[in-house]
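Worksheet: one structure, shown below.
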Amino acid sequence: MFNYKQYSGKMPNNSMDLLNDVRPKDFTHPLMVVVLGASGDLAKKKTYPALFGLYCRELLPQDTLIYGYARSHIELSEFRKKIGSYLKGDENKKKAFLDLCFYHSGAYDKKEAYDEFNKILVDAESKMVKGSNNRLFYMAIPPSIFIDVAKGIKGSLISSSGWSRVIVEKPFGRDLASSRELISELKKLFPEKDLFRIDHYLGKEMVQNLMVLRFANAVFEPLWSKSHISSISITFKEDIGTEGRGGYFDQFGIIRDVMQNHLLQVLSLVAMEPPVSMSAEDITNEKVKLLRSIQPLRLDELVLGQFVGSKDGKYPGYLDDEGVPKDSKTATFASQVFHVNNPRWRGIPFILKCGKALDQRKTEIRIQFKGPDNFLFSDVDRNELVMRIQPGEAVYLKLLSKKPGLNNTIEQTELDLSYRSRFENLDLPDAYERLILDSIRGDHNLFVRDDELDVAWQIFTPLLEQIESLKVIPEKYEFGTRGPASADELAQKMGYVRSKQYSWPGQSKF
Ligand SMILES: NC(=O)C1=CN([C@@H]2O[C@H](COP(=O)(O)OP(=O)(O)OC[C@H]3O[C@@H](n4cnc5c(N)ncnc54)[C@H](OP(=O)(O)O)[C@@H]3O)[C@@H](O)[C@H]2O)C=CC1
Ligand SMILES: O=C1O[C@H](COP(=O)(O)O)[C@@H](O)[C@H](O)[C@H]1O
């Protein structure tokens, strides 16, 4: 259960009160973190840096060891060197953290390999402080081996004296049928309380802030509906391509990689009704209710794109990625309109857009209001409430104001809550830090529930099947641009009006 307290007065960032608030209650018990797929991309870029972040904040249990497991044979010194090169911070802390990291190579599909690994874990645990031996398994592996690995954990690695929890990475399946199969296989092995399905967008600061912004500020609720809002856009842009992950990406495409999970999570938090309490169950119930009100997605409200290399030859195209078949029709850009059929939102378009190799890196929610309902100002820019998820967390409200001085012109300006200028010594944890910490605390608030996942796939599977059966060809767009022009045309058709000249001053800082 979230337990928000109103902050008042000054409280140093690292005060014991604050630490005790967030520290796991099992802080004094030994913890063994096992990273399966430790040789891979996610492990080095996200999992280990997040564990290091928690270590530096003194949030990992006092006696924690981290064992990596994968098939590749890697010497411990080499492994530590590789992991270390992705850690940022104090050198002494890095060294102390790396001393807690070990690596073991073994197969994913052989019971003997897991039994042998378990002996190593038990031996290491025998030298740790006395207490319940808790084990956290992080599956940083491709979905094709989720079940083999889950069976290995269940068959050989479960702790004999403490809890055993399993973090599963997305993608949770490719469609409704495969997701249901995955859910049911995992359910045979672990109870829901021990499974933590990560959607790392739920751990981002601004996504966390959505509930507070919406429900703790009385000014917003009366405006938060079709009466005052004309459209809601949720946009994810990356300025990099697939960068060696083309082999994985080509089997999934941008809709499965980003829209079906990250953007849909954001949509459900923006649009859901107020939950009856802040418990994980009540919040997820509201999200599921909202998702079930989404109307079938239409192909004529979808734009797909695939990037080609930049004209100057500096950036390669998607088909140049060595893991990608030369005739691939996989989309690296998608914009789809969603309609929510409930009294609050009926008739209001939600425009979700995501793409790789675009002009900038940016994720934001943009709520555009209707124009003023009077005869005084007929042709003016619309008010917009923008929640910038990254980079540079901010909430700003675009509004019109008289230009100061002896004139009668008005201009678009903003009320701006940019985190970096508003909050001193801003030190935001990475989303993965928050989520790993929550799994150690046994807190499911920020993880994806099985029925939530099921509805998400019910929404997307018919559309994905149509795209595949009709062999829809994505439009080409150049690396480093806004993506296909038809996406802007689609948004315009949905009533979105772009400000004529405005650009948010905070933008220049990133
Ligand atoms: N990388 C990222 O930025 C993100 C990744 N994810 C998800 O995290 C998970 C891991 O991703 P990532 O680290 O990129 O994946 P990798 O492709 O790097 O795979 C991780 C490890 O799994 C093993 N592996 C890879 N392919 C196979 C295979 N076909 N059969 C058996 N073992 C294999 C390899 O280890 P070895 O051969 O040594 O056993 C590899 O080092 C995936 O589910 C991915 O979708 C989610 C969000 C972001
Ligand atoms: O899950 C994924 O997310 C990343 C983007 O994450 P962010 O935190 O940097 O916004 C994306 O690059 C990747 O393709 C996808 O699998």
Which residue is nearest to ligand 2 (Cβ to nearest atom), if the candidates are limited to the stretch 61-82 and must be within 24 Å of residue 150 (Cα to Cα) and among the aliphatic types (A, V, I, L, M)? 70
Step by step: first the residues of the stretch 82-104, then only those that are within 16 Å of ligand 1 (Cβ to nearest atom) and in a helix (DSSP H, G or I), then the one that is least open to solvent (accessible area, probe 1.4 Å). Which residue is that? 83
Of all residues in the stretch 181-205, which are assigned to a helix (DSSP H, G or I) and out of contact with any helix residue (DSSP H, G or I) (no Cβ under 7 Å at 6 or more places or on another chain)? 181, 184, 187, 188, 193, 194, 205
The stretch 232-250: number of residues that are within 10 Å of ligand 2 (Cβ to nearest atom) and in contact with a strand residue (DSSP E or B) (Cβ under 6 Å, 6 or more places away or on another chain): 2
Kindly indicate whether any position in the stretch 432-444 is in a loop (DSSP other than H, G, I, E, B), of a type outside the set (Asp, Glu) and open to solvent by 60 Å² or more (accessible area, probe 1.4 Å). no
The number of residues in the stretch 19-45 that are more than 16 Å from ligand 2 (Cβ to nearest atom), charged (D, E, K, R) and either open to solvent by less than 10 Å² (accessible area, probe 1.4 Å) or farther than 22 Å from residue 122 by Cα (or both) is 3
What is the number of the single condition among (1) under 16 Å from residue 39 (Cβ atoms); (2) within 16 Å of ligand 2 (Cβ to nearest atom); (3) open to solvent by less than 30 Å² (accessible area, probe 1.4 Å) that residue 146 does not meet? (1)
Collect the residues in the stretch 222-281 that are of a type in the set (Asp, Glu) and within 13 Å of ligand 1 (Cβ to nearest atom), keeping them in residue-number order. 238, 243, 250, 257
Look through the stretch 132-175, keep the residues that are assigned to a loop (DSSP other than H, G, I, E, B) and of a type in the set (Phe, Trp, Tyr), and return whichever of them is farthest from ligand 1 (Cβ to nearest atom). 163
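This table checks each residue for (1) open to solvent by 30 Å² or more (accessible area, probe 1.4 Å); (2) in a loop (DSSP other than H, G, I, E, B); (3) under 21 Å from residue 142 (Cβ atoms).
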residue	(1), (2), (3)
207	no, no, no
213	no, no, no
225	no, yes, no
232	no, no, no
235	no, no, no
249	no, no, yes
253	no, no, yes
Suppose the filter is assigned to a helix (DSSP H, G or I) and surrounded by 23 or more Cβ atoms within 10 Å (Cβ to Cβ); does residue 48 pass it? yes
Can you tell me which residue among 364, 393, 384 is in contact with a helix residue (DSSP H, G or I) (Cβ under 6 Å, 6 or more places away or on another chain), within 24 Å of residue 214 (Cα to Cα) and either within 16 Å of ligand 2 (Cβ to nearest atom) or modelled with pLDDT of 90 or more (or both)? 393
Looking across the stretch 54-71 at residues that are assigned to a helix (DSSP H, G or I) and open to solvent by 10 Å² or more (accessible area, probe 1.4 Å), the single one that is farthest from residue 24 (Cα to Cα) is 56
Enumerate the pairs (first residue in the stretch 490-508 and under 24 Å from residue 417 (Cα atoms) and in contact (Cβ under 8 Å) with a residue 60 or more places away in the chain; second residue anywhere and open to solvent by 60 Å² or more (accessible area, probe 1.4 Å) and not in a loop (DSSP other than H, G, I, E, B)) with beta-carbon separation below 8 Å, excluding pairs fewer than 6 apart on the same chain, so at least 6 apart or on different chains. 504/416; 505/416; 506/416
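The values are calculated or read from the model by the stated rules, or taken from the named source; none is laboratory data. Please read these numbers as outputs of a predicted model, since none were measured by experiment. Note that each Cβ is placed from the backbone with ideal geometry, even for glycine, and that neighbours are counted across all protein chains shown. Each accessible area value is taken on the protein alone, full model and side chains, heavy atoms only, with ligands, DNA and RNA left out. Shrake-Rupley method; radii C 1.70, N 1.55, O 1.52, S 1.80 Å.
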